[in-house]
1. Would you be able to say whether some residue in the stretch 181-192 is among the small types (G, A, S) and either part of a loop (DSSP other than H, G, I, E, B) or touching a residue at least 24 places away in the same chain (Cβ under 8 Å) (or both)?
2. Could you please find all residues in the stretch 253-264 being open to solvent by less than 20 Å² (accessible area, probe 1.4 Å) and assigned to a loop (DSSP other than H, G, I, E, B)?
3. Yes or no: A44 assigned to a strand (DSSP E or B), open to solvent by 20 Å² or more (accessible area, probe 1.4 Å) and at pLDDT 95 or above?
4. What tally of residues in the stretch 19-40 results from selecting those that are in a strand (DSSP E or B) and touching a helix residue (DSSP H, G or I) at 6+ places or on another chain (Cβ under 7 Å)?
5. Does the stretch 82-97 contain at least one residue that is within 22 Å of T140 (Cβ to Cβ) and open to solvent by less than 10 Å² (accessible area, probe 1.4 Å)?
6. Within the stretch 1-30, which residues are of a type outside the set (D, E, K, R) and open to solvent by 40 Å² or more (accessible area, probe 1.4 Å)?
7. Which condition number does I277 fail, the rest of (1) farther than 22 Å from V197 by Cβ; (2) open to solvent by 10 Å² or more (accessible area, probe 1.4 Å) being met?
8. Would you mention how many residues in the stretch 178-212 are open to solvent by 40 Å² or more (accessible area, probe 1.4 Å) and in contact with an Asp or Glu (Cβ under 6 Å, 6 or more places away or on another chain)?
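The values are calculated or read from the model by the stated rules, or taken from the named source; none is laboratory data. None of these values were measured; they are calculated from a predicted model. Positions of Cβ are generated from backbone atoms using ideal geometry, with glycine treated the same way; all protein chains shown enter the neighbour counts. Heads up: the accessible areas ignore ligands, DNA and RNA and are worked out on the full protein's heavy atoms, side chains in. Shrake-Rupley method; radii C 1.70, N 1.55, O 1.52, S 1.80 Å.
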Amino acid sequence: MELVRISLVRPEPAGGAAAVAEAAAALVADLRVGEPVAEDGLVAVELEGRTDADRAAVRAAVVPAARAAGWEVAVLDGALLGPVGLLVMDVDSTLITGEVIEMLAEHAGTRAEVAAVTERAMRGEIDFAESLRARVATLTGVPATALAEVLQRVELSPGASALVARAREHGATVGLVSGGFAEVVNPLAALLGISHVRANSLEIADGRLTGRVLGPVVDRAAKAAALLEWAGQLGVDPAATVAVGDGANDLDMLAAAGLGVAYRAKPVVAAAADVSIEVPRLDVVAGLLRW
């Protein structure tokens, strides 16, 4: 039998962990329930035991009880019980609260059109690369100075800085992968001290956006490739990586990581991920991983 840990996190106060333990007991032997630990308005409880069942089976058993009691829940085993070596996050609607392309589209008068296409792409209804090129085309002629204006308006998601800081404290490298734009993502990464970054670049000529993206589009396959590439460079077992995202273009990355976390995600992503977080705080991820 292998060791398995069920991590629970929710906003204070604690309550309902016993129901999760009861649900887990059918699959997990020698189950131990830890004492609640409170930090920054969140409370965490850990359940640990041994099981012959795989992680997906344990998750299916405990998620309904955890959700009913208001807990976010992660089932960890194998490499994830040791130090996580790499945390990779999506940017738009994950690290930050909004969608940069929609903010840029305000300058072109096309926000409603762009937002509708973005929603379909994030739900996985249309090809991401195709949708990105179509949305960027609506930005033709927007002054390049709009990028700096948008950067000033960008807001980090609650708990984003805390998650990055706690990952670093525990020896993990943090990376950002984005279907958005390097012109905004790179300054955000610099602000947070993140050096591993992959994003699209906008073509600019004569001080204005041309409506084109430079080079290959960073799509769902490219996001997964970046995670695996960085893990290889860092000597990190892919099983000891964590990826966080919200849209369909994050699905491959979440699948490639040792733990795929859907953050306030579209239904198709929440259903596919190892963990689905609804509480609007990114540092819930840190609580689930004992950082």
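1. Start the filter on the stretch 181-192 by keeping residues that are among the small types (G, A, S), which leaves 182, 189-190.
Applying the additional criterion that residues be either part of a loop (DSSP other than H, G, I, E, B) or touching a residue at least 24 places away in the same chain (Cβ under 8 Å) (or both) yields none.
No, that holds for no residue.
2. A257, G258
3. On the way: assigned to a strand (DSSP E or B): yes; open to solvent by 20 Å² or more (accessible area, probe 1.4 Å): yes; at pLDDT 95 or above: yes.
Yes; evaluated as a whole, the condition is true for this residue.
4. Selection size over the stretch 19-40: 2.
5. Within the stretch 82-97, the first condition is being within 22 Å of T140 (Cβ to Cβ), and the residues that meet it are 92.
So of that shortlist, the ones also open to solvent by less than 10 Å² (accessible area, probe 1.4 Å) come out as none.
No: the stretch 82-97 contains no residue that is within 22 Å of T140 (Cβ to Cβ) and open to solvent by less than 10 Å² (accessible area, probe 1.4 Å).
6. M1, L3, P11, P13, A14, A18, A19, A25, A26, L27
7. Going through (1) farther than 22 Å from V197 by Cβ; (2) open to solvent by 10 Å² or more (accessible area, probe 1.4 Å) one by one, I277 breaks only (2).
8. 1
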